[in-house]
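Asker: Take a look at this one; I'll ask things after.
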Amino acid sequence: MRRQLRSRRAPAFPYGYRYRLDDQDEVNQNYLADEEEEAEEEARVMVVHDLEEEEEEEEKEEEEEEEEEGQGQPTSNALWQKLQIVNEHLWDPEKRMSLARTGQSWRVMIRPFAHSLNFNFNVSEPDTWQHYVISLNGFLQGYNDSLQEEMNVDCPPGQYFIQDGNEDEDKKACQFKRSFLKNCSGLEDPTFGYSTGQPCILLKMNRIVGFRPELGDPVKVSCKVQRGDENDIRSINYYPESASFDLRYYPYYGKLTHVNYTSPLVAMHFTDVVKNQAVPVQCQLKGKGIINDVINDRFVGRVIFTLNIET
Amino acid sequence: MRLKTPEIYSVELSGTEDVGKTDTGDGKEKYRGLKDKRLELKKNHQKEELKKEVDLEDHKLSIKELERKYGTNIVTGLSSTQAAELLARNGPNALTPPKETPEIVKFPQADGAILCWIAYGIQYFNDKSSSLDSVYLGCVLALVVILTGIFAYYQEAKSTNIMASFSKMIPQQALVIRDSEKKTVPAEQLVVGDIVEIKGGDKIPADIRLLSTQGCKVDNSSLTGNLTPSLRTHDNPLEAENPWNKMSTSPVGTATGMVINTGDRTIIGQIASLASGVGHEKTPIAIEIEHFVHIVAGVAVSIGILFFIIAVSMKYYVLDSIIFLIGIIVANVPEGLLATVTVTLSLTAKRMAKKNCLVKNLEAVETLGSTSIICSDKTGTLTQNRMTVAHLWFDNQIFVADTSEDHSNQVFDQSSGTWASLSKIITLCNRAEFRPGQESVPIMKKVVVGDASETALLKFSEVILGDVMEIRKRNRKVAEIPFNSTNKFQLSIHETDDPSDKRFLMVMKGAPERVLEKCSTIMVNGQEQPLDDSTAEAFHTAYMELGGLGERVLGFCHLYLPADKFPETYSFDVDTVNFPTSNLCFVGLLSMIDPPRSTVPDAVTKCRSAGIKVIMVTGDHPITAKAIAKSVGIISANSETVEDIAKRLNIPVEQVSKRDAKAAVVTGMELKDMSPEQLDELLTDYSEIVFARTSPQQKLIIVEGCQRQDAVVAVTGDGVNDSPALKKADIGIAMGIAGSDAAKNAADMVLLDDNFASIVTGVEEGRLIFDNLKKTIAYTLTKNIAELCPFLIYIIAGLPLPIGTITILFIDLGTDIIPSIALAYEKAESDIMNRKPRHKKKDRLVNAPLAIYSYLHIGLMQALGAFVVYFTVYAQEGFRPSALINLRVEWEKDSVNDLEDSYGQEWTQYQRKYLEWTGYTAFFVGIMIQQIADLIIRKTRRNSIFQQGLFRNKVIWVGIASQIIIALILSYGLGSVSALNFTMLRPQYWFVAVPHAILIWVYDEVRKLFIRLYPGSWWDKNMYY
């Protein structure tokens, strides 16, 4: 994001779009060599090059590192780990720049929005769930099919929707229609299943400028009981059925240019949950390089909430 | 004159009774200077108690009665068990040193403790999940309070320890009879009823009642202020002959006595405790710091309450508002300042100790710097405290002897035959002797048994003639009449060292007029001549001249007794005087004085140029006092007293206009008759004043008089009776060598070498420390605004909190400590000894320009610079400044985990918290970087940094390095400890504030430039602190 800011000041330099597209397919093989090349170039034209690109690079790079850390480190001693962390935060030799934030990774958040993540409601008392419905309805207004069709383009699924060009140019956004959510769209069942004790919960990933889901594989969502009997949740339906965030919604270019961007959603439809008891649910993102077990920040790659449906 | 002393003493005592009357409604305000009635009452009580206790009857009791009263036996003494019992019951025979908690310790505790309680209170009322920060805050604040308290206490204790070790350096021993045996025990273990033996030169270890004595005299000078042992037969035990008091010394003879009082119950002890009852004025620096605390507290509390009200009316929760209040107060209170001031003062104290000024009370360091009047003793302080031969008169000529400390350079003509005779008389007619066993000691330092004049003569002759004892051996003494006050001469008869000459030589010295009466001839150029009127005239002229110099003059004469009348076997009888004592041959005069220390005239000149008035207060004769005052420059060469003018113009004293005289010599008698108004007038009218023939008690009156002029008064003293004056003075200076323990206890400072010049170096250090404290405080205050603004803006504009309370404490007690101490090492900007002493009430430590310049100029610039860093960090992370406004509520909501930034990115609560900490760190670093610039600009107040030299004070650079290192450690070392709220900051953020720091430097250089260019202008008045 800091790139983004700097890019506002820097002169535009149309560069790299095609290049990115070209090597997109062989990303996995050529990744490192590619990075180095990129880094050198960056060092030369630090001030005047297209920073979106760099941003992407950076994010990818970081994820790579996180991945490495996740796999290779657990046996080393604490001091080494600490040094690693310091090193990671301070200086990235390949990028020749320093980093400050902890490695970026997807945070997730759910809807309906409530002050707590405990969904307690009584099926037979609409007052207890009405606010969830209102919240969801409100949230989904921006996803109305008509609006999406009018504002956004229908871009091809399965690949990043990378838009080159002047960074001041408005970027197009891909459609994410409310109807994608099927039973959780609120179109067929305006109560999103709450009236039948089969609540819909929408999951979205927090937007990060320029950040892309891991290397061409869409991120999947999977929910299960966090603690206790796994059979407390007997079935979950995901919409879209792939239970994933399609690549075409990434990268995000920031709201200044990517005006009509609508975050992709995955709806979880808890169709058969044990009633009259609190069921802790953990929904995690699954995919290459996705971190979902950070303790400090409980929203990194996962979200934990409780369902307590009374009848 | 000397007999006046006791009267003055009793005047002092009955003076307190007057106070008593005042209190009971007499309405006569006799005793000024004391406002606190309670204190007055307490003092009365003590003084009256003293008077009661003084009415001992012991000196009137017979020995038998005494034995009964104290359950002892004068032959066998007490038994050891008895003694142990009594010791356990009455305590050791030592004065309890007065213990005081230093005022300065109390200053931070109130604030801190209250803050702490509030923090705990908040934690208590908060629900459990969210109170962790408050707990940290509470703990840190408590820690701060405790640590600073301990620190200050440690510092004070350390300096007290120096003092304690100092006084214990020479443990006093006493020879006591116990279990019928003579034992040497430490004087502390003496108990009432002990029989002690005193030898010549011993200090009397306790109040004793004499039982028997052999040729023993006692010097009670430290008690009564009398300079010579005097015979007394009064009912008043202070003046009676047989009880002797602790601390007195017995110069000659031996004696046996019974201990009648020990420790604090001795008369000395009572006077010492009386001294502690005299209201000890707050030190100027304590007043200044109090003033400063008032300013800071005023700002903190008023801003705090104002924003509390604003916060509440902006519909913040009351609890939140209280946390804001704490934040504002923490930001405003310079937590580290106490430690800084203490360290700064103790550094200076150490430096002064090296220069022989031992500072007991740290605050006194500065007091000395603001001193405007020094009331100095003469003996020992201004002078060398030993009689020294100053002039000789023989062959109708006055010769000057060398009076310097080592006597090495005696240049007068020694070829004359008269000198040969005179030197023989000086050598032989002298009972003083060197104490054996000091062969390796230089002559001037050898210990002599004998009185002051004889000592002077002995050393004088030893220096010039060589081994005096050998000469005396060769000229065997056959008879002697010692000096007594009726004869006023001393005489001895010797065999000559010339084997062929069988005559006896009779030598005599004494009061010149008495000696001359006995002479019929006078020796000129080695030849005896009849004493005619013209030679007598010459004698008188010389005598008057030497006397006028304030010197003690002795006449010397001799006579060779004819061998036919006085054969070798002749038996001289001093009682019947079977030898002639008239028609002698007058040889010469010799005058002695206690000469000024060689460093004193310089020191007095320095004092004068530093605007300090030096007043001499002495018990000596006015003429001597005046002579010494003139020779050291207390009375400058061209100023005259009223009497001088009268003499010069040959008119009566009354006709002289007082305006013409700059100097005045006032005796104790005159002082006694003066009203306070007259004394005030005297002190203001004359710039050069000498008080002669004063008692130590009158010192108190003089000190009070000076203090009425709003002067900061330093008093030197050594006697026990000086202790009230030492206490009363703004800074009491006791003599390390000659001083009594009571004086040292009462004093704030001890001069280890008894030298007046040391006071002047002390003054210099004191003034420097005041200047440097100003710089330190200005430095410390500056960042308070930068710490305060975040809270205010947080409350009003609703930004995410830019800097946390704990982070602020890390600035106050972490990065800023060493730099502010480093300012104490700063050299003076100009000659501080060329300016007037600061005015107690006008030249404040923290004045309006200092506060305004620190708070509103540099402080605001600093706040701005720190905000730039803060905004940079947030903007680079995605929150542009405009997006931050009024973001606070959403920002701090735990349930919002997808807060959108300026670029549409979404932030979880934890991410935001982390960013907030990064913001704290960035703000912290911003302040730290600018504090470096602040530190550099505070090196000077008027001069350019380049005039002062950027690298002269190396400690400043240590301070800067420490700032940077501490900040690096906090950010990169402790960045992962969440309780401390630091994060690892990107290296580039460290440089964001650098341009601001440079701006601060330039701004201050411009300020200083205009101050130098336009002295006295509006700019100078408002921008110079």
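Asker: Looking at segment A:299-311, which of its residues are touching a Lys or Arg at 6+ places or on another chain (Cβ under 7 Å), away from every other protein chain (no Cβ under 14 Å) and assigned to a strand (DSSP E or B)?
Answerer: Result: A:I309, A:E310.
Asker: To continue, here is another question. Checking the structure you have, find out if any residue of segment A:231-243 is surrounded by 16 or more Cβ atoms within 10 Å (Cβ to Cβ), within 23 Å of A:G138 (Cα to Cα), away from chain B (no Cβ under 14 Å) and small (G, A, S).
Answerer: The answer is yes, given that some residue of segment A:231-243 is surrounded by 16 or more Cβ atoms within 10 Å (Cβ to Cβ), within 23 Å of A:G138 (Cα to Cα), away from chain B (no Cβ under 14 Å) and small (G, A, S).
Asker: May I pose another question? Considering only segment B:902-923, state which residues are hydrophobic (A, V, I, L, M, F, W, C) and either facing another protein chain (nearest Cβ under 9 Å) or not in a helix (DSSP H, G or I) (or both).
Answerer: Scanning segment B:902-923 gives B:W907, B:L915.
Asker: Would you be able to say whether some residue in segment B:700-717 is touching a helix residue (DSSP H, G or I) at 6+ places or on another chain (Cβ under 7 Å), under 26 Å from B:G380 (Cα atoms), in contact (Cβ under 8 Å) with a residue 12 or more places away in the chain and of a type in the set (S, T, Y)?
Answerer: No - not one qualifying residue is present in segment B:700-717.
Asker: Ok, one more. Residues in segment A:124-150 that are in a helix (DSSP H, G or I), closer than 17 Å to A:A173 by Cβ and touching a helix residue (DSSP H, G or I) at 6+ places or on another chain (Cβ under 9 Å): how many?
Answerer: Count: 7.
Asker: Restricting the search to segment B:836-895, which residues are in contact with a strand residue (DSSP E or B) (Cβ under 7 Å, 6 or more places away or on another chain) and either over 30 Å from A:V209 (Cα atoms) or among the β-branched types (V, I, T) (or both)?
Answerer: Answer for segment B:836-895, where residues must be in contact with a strand residue (DSSP E or B) (Cβ under 7 Å, 6 or more places away or on another chain) and either over 30 Å from A:V209 (Cα atoms) or among the β-branched types (V, I, T) (or both): there is none.
Asker: If I filter segment B:626-637 for residues that are free of Cβ contacts under 8 Å to residues at least 24 places away in the same chain, within 24 Å of B:P837 (Cα to Cα) and not in a helix (DSSP H, G or I), do I get at least one hit?
Answerer: So far as segment B:626-637 goes, yes, one or more of its residues are free of Cβ contacts under 8 Å to residues at least 24 places away in the same chain, within 24 Å of B:P837 (Cα to Cα) and not in a helix (DSSP H, G or I).
Asker: So, in segment A:113-127, of the ones that are surrounded by fewer than 15 Cβ atoms within 10 Å (Cβ to Cβ) and either at positive phi or more than 14 Å from chain B (Cβ to nearest Cβ) (or both), which residue ends up nearest to the chain's Cα centre (by Cα)?
Answerer: In this case the residue turns out to be A:N120.
Asker: Within segment B:925-955, take every residue that is among the polar types (S, T, N, Q) and in a helix (DSSP H, G or I) and give me the one that is surrounded by the fewest Cβ atoms within 10 Å (Cβ to Cβ).
Answerer: Top of the filtered list is B:Q947.
Asker: What do you reckon, is B:A353 outside any loop (DSSP other than H, G, I, E, B) and either among the aromatic types (F, W, Y) or more than 21 Å from B:D718 (Cα to Cα) (or both)?
Answerer: When the stated conditions are applied, B:A353 does not pass them.
Asker: Moving to a separate point now. Return the residues of segment B:746-773 that are touching a Leu at 6+ places or on another chain (Cβ under 7 Å) and of a type in the set (S, T, Y); say none if nothing qualifies.
Answerer: B:S758
Asker: Let me ask something additional. Using the structure shown, decide if B:K744 is among the basic types (K, R) and in contact with a Gly (Cβ under 8 Å, 6 or more places away or on another chain).
Answerer: Yes, satisfied.
Asker: Please go through segment B:433-451 and give me each residue that is assigned to a helix (DSSP H, G or I), among the basic types (K, R) and surrounded by 14 or more Cβ atoms within 10 Å (Cβ to Cβ), ordered by number.
Answerer: Those that are assigned to a helix (DSSP H, G or I), among the basic types (K, R) and surrounded by 14 or more Cβ atoms within 10 Å (Cβ to Cβ): none in segment B:433-451.
Each row is one residue, and each column tells you yes or no for (1) in a helix (DSSP H, G or I); (2) of a type in the set (F, W, Y); (3) touching a residue at least 60 places away in the same chain (Cβ under 8 Å); (4) buried (at least 24 other Cβ atoms within 10 Å of the Cβ).
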site	(1), (2), (3), (4)
B:V750	no, no, yes, yes
B:D753	no, no, yes, no
B:L773	yes, no, yes, yes
B:T782	yes, no, yes, yes
B:C789	yes, no, yes, no
B:I796	yes, no, yes, no
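Asker: Quick one: is A:D217 charged (D, E, K, R) and buried (at least 17 other Cβ atoms within 10 Å of the Cβ)?
Answerer: In short, no.
Asker: Ok, one more. Looking only at residues in segment B:367-387 that are assigned to a strand (DSSP E or B) and in contact with a Leu (Cβ under 9 Å, 6 or more places away or on another chain), which one is surrounded by the fewest Cβ atoms within 10 Å (Cβ to Cβ)?
Answerer: So, considering only residues that are assigned to a strand (DSSP E or B) and in contact with a Leu (Cβ under 9 Å, 6 or more places away or on another chain), the one surrounded by the fewest Cβ atoms within 10 Å (Cβ to Cβ) is B:S376.
Asker: Yes or no: B:R1012 buried (at least 16 other Cβ atoms within 10 Å of the Cβ) and either touching a residue at least 12 places away in the same chain (Cβ under 8 Å) or acidic (D, E) (or both)?
Answerer: no
Asker: With respect to A:T196, determine if the residue is among the polar types (S, T, N, Q), within 14 Å of another protein chain (Cβ to nearest Cβ) and out of contact with any helix residue (DSSP H, G or I) (no Cβ under 7 Å at 6 or more places or on another chain).
Answerer: When the stated conditions are applied, A:T196 does not pass them.
Every residue, every condition in (1) part of a strand (DSSP E or B); (2) away from chain B (no Cβ under 13 Å); (3) within 17 Å of the chain's Cα centre (by Cα); (4) touching a residue at least 12 places away in the same chain (Cβ under 8 Å), yes or no:
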position: A:R248; (1), (2), (3), (4): no, yes, yes, yes
position: A:Y261; (1), (2), (3), (4): no, no, yes, yes
position: A:H269; (1), (2), (3), (4): yes, yes, no, yes
position: A:D272; (1), (2), (3), (4): yes, yes, no, yes
position: A:C283; (1), (2), (3), (4): yes, yes, yes, yes
position: A:I290; (1), (2), (3), (4): no, yes, yes, yes
position: A:D297; (1), (2), (3), (4): no, no, yes, yes
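Asker: Hey, another quick one. Just checking: which of the strands (runs of 3 or more DSSP E) contained wholly in segment B:479-570 hold 3 or more residues that are over 22 Å from B:L457 (Cβ atoms), at pLDDT below 90 and not small (G, A, S)?
Answerer: It comes to B:527-530.
Asker: I would also like to ask the following. Identify, please: which residue in segment B:422-432 is outside any loop (DSSP other than H, G, I, E, B) and out of contact with any helix residue (DSSP H, G or I) (no Cβ under 7 Å at 6 or more places or on another chain) and is, among those, surrounded by the fewest Cβ atoms within 10 Å (Cβ to Cβ)?
Answerer: My answer is B:K424.
Asker: Right, here's the next one. Does B:L700 count as surrounded by 16 or more Cβ atoms within 10 Å (Cβ to Cβ) and more than 25 Å from B:A627 (Cβ to Cβ)?
Answerer: So B:L700 passes the test.
Asker: Also: State all residues of segment A:117-138 that are hydrophobic (A, V, I, L, M, F, W, C) and touching a Phe, Trp or Tyr at 6+ places or on another chain (Cβ under 7 Å); if no residue qualifies, say none.
Answerer: Result: A:L117, A:F119, A:F121, A:W129, A:V133, A:L136.
Asker: Sticking with this structure for a sec: Please specify each residue of segment B:855-891 satisfying the condition of being part of a helix (DSSP H, G or I) and facing another protein chain (nearest Cβ under 9 Å).
Answerer: B:V873, B:A875, B:Q876, B:E877
Asker: Can I ask one more? Can you tell me which of B:F982, B:F991 is within 14 Å of chain A (Cβ to nearest Cβ), exposed (fewer than 14 other Cβ atoms within 10 Å of the Cβ), of a type outside the set (D, E) and within 16 Å of B:F923 (Cα to Cα)?
Answerer: None of the other options fit; the residue is B:F991.
Asker: Right, here's the next one. Sort through B:F770, B:F756, B:F791 and tell me the only one that's of a type outside the set (D, E) and under 21 Å from B:I289 (Cα atoms).
Answerer: Going through B:F770, B:F756, B:F791 in turn, the sole match is B:F770.
Asker: Within segment B:892-901, take every residue that is outside any strand (DSSP E or B) and more than 8 Å from chain A (Cβ to nearest Cβ) and give me the one that is surrounded by the most Cβ atoms within 10 Å (Cβ to Cβ).
Answerer: Residue satisfying both the conditions and the ranking: B:V896.
The values are calculated or read from the model by the stated rules, or taken from the named source; none is laboratory data. All of these numbers come straight from a predicted model, not from anything done at the bench. Note: ideal-geometry Cβ built from the backbone for every residue, glycine included; neighbour counts use all protein chains shown.
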